[in-house]
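Colleague: Can you read through this structure? Questions will come right after.
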Amino acid sequence: MEKVVKLASENGILIFSKSTCCLCYAVQMLFKELGANPSIYEIDHDPAEGKDIEKALMRMGCSGPLPAVFVSGKLVGSTNEVMSLHLSGSLIPLLKPYQPNMS
């Protein structure tokens, strides 16, 4: 769990992802379309710690397995939470500090 917290605090927007996950890809593209440039951590490319990171994310309260989205070091959630925030108009204000051409 320490690695998750460290990575989340070091990156404005961090998405824990799997390279083969279509929902992970959709969330990544949404953030990019909104002008944010998230850091992406592909856990399936980390055979040493990937499974432990996935377990830690579940313990932290991530509702789905992946993606797990952090903004400003705080867990936003998985696809459902991100899409709900976007549809309610609450996602863009969270991302504003990380949208270089929209600040």
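The values are calculated or read from the model by the stated rules, or taken from the named source; none is laboratory data. Quantities reported herein were computed from a predicted structural model and do not represent experimental measurements. With ideal geometry, Cβ positions are generated from the backbone for all residues, glycine too; neighbour counts draw on all protein chains shown. Note: accessible area is taken over every heavy atom of the protein model, side chains too, but ligands, DNA and RNA are not part of it. Shrake-Rupley method; radii C 1.70, N 1.55, O 1.52, S 1.80 Å.
Colleague: Among Pro97, Pro93, which is more than 14 Å from Ile15 (Cα to Cα), open to solvent by 60 Å² or more (accessible area, probe 1.4 Å), more than 11 Å from the chain's Cα centre (by Cα) and in contact (Cβ under 8 Å) with a residue 12 or more places away in the chain?
Modeller: Values: Pro93 fails: in contact (Cβ under 8 Å) with a residue 12 or more places away in the chain.
The conditions single out Pro97.
Colleague: Also, I was wondering about something else. Would you mind stating whether Ser78 is of a type in the set (Gly, Ala, Ser) and over 13 Å from the mean Cα position of the chain (by Cα)? Talk me through it step by step, then tell me what you get.
Modeller: On the way: of a type in the set (Gly, Ala, Ser): yes; over 13 Å from the mean Cα position of the chain (by Cα): no.
So Ser78 does not fit the description; no.
Colleague: Could you please give the count of residues in the stretch 52-77 that are part of a loop (DSSP other than H, G, I, E, B) and either modelled with pLDDT of 90 or more or surrounded by fewer than 20 Cβ atoms within 10 Å (Cβ to Cβ) (or both)?
Modeller: The initial filter retains those residues of the stretch 52-77 that are part of a loop (DSSP other than H, G, I, E, B), namely 60-67, 72-73.
Still in the running and either modelled with pLDDT of 90 or more or surrounded by fewer than 20 Cβ atoms within 10 Å (Cβ to Cβ) (or both): 60-61, 63-67, 72-73.
Adding up the residues that qualify gives 9.
Colleague: Anything in the stretch 78-90 that is crowded, with 20+ Cβ neighbours inside 10 Å and in a loop (DSSP other than H, G, I, E, B)? List them, or say none.
Modeller: Ser78
Colleague: Same structure, new question: Pull up the stretch 10-27, narrow it to residues that are of a type outside the set (A, V, I, L, M, F, W, C), open to solvent by less than 50 Å² (accessible area, probe 1.4 Å) and part of a loop (DSSP other than H, G, I, E, B), then point me to the one that is nearest to Val82 (Cα to Cα). Write out each step before concluding.
Modeller: Initial filter on the stretch 10-27 (of a type outside the set (A, V, I, L, M, F, W, C)): 10-12, 17-20, 25.
Within this subset, residues satisfying the condition of being open to solvent by less than 50 Å² (accessible area, probe 1.4 Å) are 11-12, 17.
Those left that are additionally part of a loop (DSSP other than H, G, I, E, B): 11-12.
Values: Asn11: 17, Gly12: 16 Å.
It comes out as Gly12.
Colleague: Then there's this: When you go through (1) under 18 Å from Ser84 (Cβ atoms); (2) out of contact with any helix residue (DSSP H, G or I) (no Cβ under 8 Å at 6 or more places or on another chain) one by one for Val5, which number turns out not to apply?
Modeller: Evaluating Val5 over (1) under 18 Å from Ser84 (Cβ atoms); (2) out of contact with any helix residue (DSSP H, G or I) (no Cβ under 8 Å at 6 or more places or on another chain) leaves (1) as the failure.
Colleague: Right, next: Have a look at Leu30, Leu7 and point out the one that is touching a His at 6+ places or on another chain (Cβ under 8 Å) and in a helix (DSSP H, G or I). Spell out how you get there, then give the answer.
Modeller: Numbers: Leu7 fails: touching a His at 6+ places or on another chain (Cβ under 8 Å).
Only one candidate qualifies: Leu30.
Colleague: Cβ-Cβ below 9 Å, separation at least six or inter-chain, first residue in the stretch 21-50 and without any contact (Cβ under 8 Å) to a residue 24 or more places away in the chain, second part of a helix (DSSP H, G or I) and open to solvent by 20 Å² or more (accessible area, probe 1.4 Å): which pairs?
Modeller: Partner pairs satisfying both residue conditions: Gly50/Asp44.
Colleague: Working carefully through the options Gly50, Gly61, Gly12, find the one that is touching a Lys or Arg at 6+ places or on another chain (Cβ under 9 Å) and small (Gly, Ala, Ser).
Modeller: Working: Gly61 fails: touching a Lys or Arg at 6+ places or on another chain (Cβ under 9 Å); Gly12 fails: touching a Lys or Arg at 6+ places or on another chain (Cβ under 9 Å).
None of the others qualify; the one that does is Gly50.
Colleague: Still on this structure, I have one more. Quick check on the stretch 3-15. Is at least one of its residues of a type in the set (S, T, N, Q), under 26 Å from Lys96 (Cα atoms) and free of Cβ contacts under 8 Å to residues at least 40 places away in the same chain?
Modeller: Narrowing the stretch 3-15 to residues of a type in the set (S, T, N, Q): 9, 11.
From what is left, the residues that are under 26 Å from Lys96 (Cα atoms) are 9, 11.
Checking the rest, the ones that are also free of Cβ contacts under 8 Å to residues at least 40 places away in the same chain come to none.
Checked the stretch 3-15: no residue is of a type in the set (S, T, N, Q), under 26 Å from Lys96 (Cα atoms) and free of Cβ contacts under 8 Å to residues at least 40 places away in the same chain.
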